[in-house]
Amino acid sequence: MNSNLELPGLDKATVISRDNHSISRKQISPNALKVLYRLSDADFHAYIVGGGVRDILLGNKPKDFDVATDATPEEVRKLFKNARIIGRRFKIVHIRFGREIIEVTTFRANHNPENEIADHVPRRQIKGLDSAHSKSGMILRDNVYGDIDEDALRRDFTINALYYTTRNFELLDFCGGLDDLAKKQIRIIGDPEERYKEDPVRMLRAIRFSAKLNFDIEANTKKPLNDLAYLLDSISPARLFDETLKLMTGGCAQRTFALLCEYQLGSYLFAPSMEAIEQGDSISAKLVDLALRNTDQRLAENKSVTPAFLFAALLWPVLKLHLAASRNQDIHPQQAFQQATQAALTEQLDYTAIPKRFTVASREIWELQNRLQRQNRRSIESVFNHPRFRAAYDFLLLREEAGEELGGLGQWWTDFQNGDTKLRTELIAAVSKPKKRRRRRSKRKSPGVSE
């Protein structure tokens, strides 16, 4: 393919010259530029597309950069030794540069309607199809390649269908994305119902972008959200877990959760939590809100967050409801607690598949809440040296901040962590329960033995 030839579909784009847009190569990852230049040198067309373009135009720093090209995945892989093709439903190429991954996709086209198959057909039977829809309209396979204008129409939202090229440093707009950026609105490309049926996760993406960018969702894009929320039932729990992480770790978890509740989509991700918040006390609801707010703050400060802590907070109202119900049962408190933790996690697993390493950690954070009750030197030192101590301590502070009365436990553990050996010894001595002295039994005299 000759890069000097005009790429099919360009006549349908609004072309913004270098002098009329704010994108500079200095704002783009050097590795993404390497990918563009190498594809261009091999006579392919390549563009930065999606969030990288959108965020630069909004004055934000992009998290990553995606490339769209007319080269097929196999052709891309031949050009880059550090590339691998991933995905079966939607083939893409990941090109790794150290810790950075540049994602490369081939221009997509409309699907062949003859490839419609029944919803119940096993995935292995659609392996040979380049494209396939279920009877309900969901895309099961999407590897039909086309021109750049067709690719733009296959993208989800107008603000994500802006293309930047190093050829004359032009910006291409096929769907009115620049107008929607100016209006600060999320608008889906094409018929909303049809696009949501093709991939129900697009509804979650609408929420995520609305929260992240603080944009309104355009009226027609918003209208079907409640009516079609049930389509999320058709998405695997594993994929919903991945989408949940994107929603909750994008830096706008607090606003995102509120939108999920508003549009009923949250019932297909966090139904147990939302029901427990409605039935429970205001303290549980406040704890969830504080946890989401603190997550956003940590991300803003470039600190790490763990899904285990997030789910421990989101499911805390569920756990408390189960514990309240167990009070009427004649079972040991420890057994009741174990049953409640298991029930809370099991309910959530019906919606999102949480990896075991996270459920184990969430359970430990909950269990340590009881062990943080100071008893004696041995118990205090055991808790303090536990690998999950810091997460459990942070969770304890959240509980107090939400309004739980815990007798100053949070401040005690703060002083203990910050204190020297002398202060720690004094703190332990002040709260340690004195050991009960055993009464010595008097020796019984053997019969027939005189004094």
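Values for this structure:
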| quantity | calculated |
| --- | --- |
| Breaking point among (1) surrounded by fewer than 20 Cβ atoms within 10 Å (Cβ to Cβ); (2) over 18 Å from the mean Cα position of the chain (by Cα); (3) in contact (Cβ under 8 Å) with a residue 40 or more places away in the chain, for Asp199 | (2) |
| Qualifying positions in region 158-196 - in a helix (DSSP H, G or I) and either in contact (Cβ under 8 Å) with a residue 40 or more places away in the chain or of a type in the set (Lys, Arg) (or both) | Ile159, Asn160, Gly177, Leu178, Leu181, Lys183, Glu194, Arg195 |
| Asp216 surrounded by fewer than 18 Cβ atoms within 10 Å (Cβ to Cβ), charged (D, E, K, R) and in contact with a Lys or Arg (Cβ under 8 Å, 6 or more places away or on another chain) | yes |
| Residues within region 289-315 that are in contact with a helix residue (DSSP H, G or I) (Cβ under 6 Å, 6 or more places away or on another chain) and within 24 Å of Arg357 (Cβ to Cβ), tallied | 14 |
| Pairs, first among the aromatic types (Phe, Trp, Tyr) in region 339-354, second assigned to a loop (DSSP other than H, G, I, E, B), C-beta under 8 Å, six or more apart | Tyr351/Leu269; Tyr351/Phe270 |
| Residue count, region 288-321 (criterion: without any contact (Cβ under 8 Å) to a residue 40 or more places away in the chain and touching a Pro at 6+ places or on another chain (Cβ under 7 Å)) | 1 |
| Scope region 247-258; condition of a type outside the set (Val, Ile, Thr) and closer than 10 Å to Leu204 by Cα; matching residues | Leu247 |
| Enumeration of residues in region 283-303 that are over 18 Å from Ala211 (Cβ atoms) and among the basic types (Lys, Arg) | Lys286, Lys303 |
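So that you can scan it fast, the table gives a plain yes or no per residue for (1) under 29 Å from the mean Cα position of the chain (by Cα); (2) at pLDDT below 50; (3) of a type outside the set (Ser, Thr, Tyr); (4) within 21 Å of Glu194 (Cα to Cα):
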residue: Ala83; (1), (2), (3), (4): yes, no, yes, no
residue: Arg89; (1), (2), (3), (4): yes, no, yes, yes
residue: His94; (1), (2), (3), (4): yes, no, yes, no
residue: Arg99; (1), (2), (3), (4): yes, no, yes, no
residue: Ile102; (1), (2), (3), (4): yes, no, yes, no
residue: Thr106; (1), (2), (3), (4): yes, no, no, no
residue: Asn112; (1), (2), (3), (4): no, no, yes, yes
residue: Ala118; (1), (2), (3), (4): no, yes, yes, yes
residue: Ser136; (1), (2), (3), (4): yes, no, no, yes
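A quick yes/no check of all residues on (1) among the small types (Gly, Ala, Ser); (2) within 27 Å of Glu405 (Cβ to Cβ); (3) at pLDDT below 95:
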| position | (1), (2), (3) |
| --- | --- |
| Glu278 | no, yes, yes |
| Leu287 | no, yes, no |
| Asn302 | no, no, yes |
| Leu321 | no, yes, yes |
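The values are calculated or read from the model by the stated rules, or taken from the named source; none is laboratory data. On a predicted model such as this, the values are computed, not experimentally measured, just so you know. Positions of Cβ are backbone-derived with ideal geometry, glycine not excepted, and every protein chain shown enters the neighbour counts.
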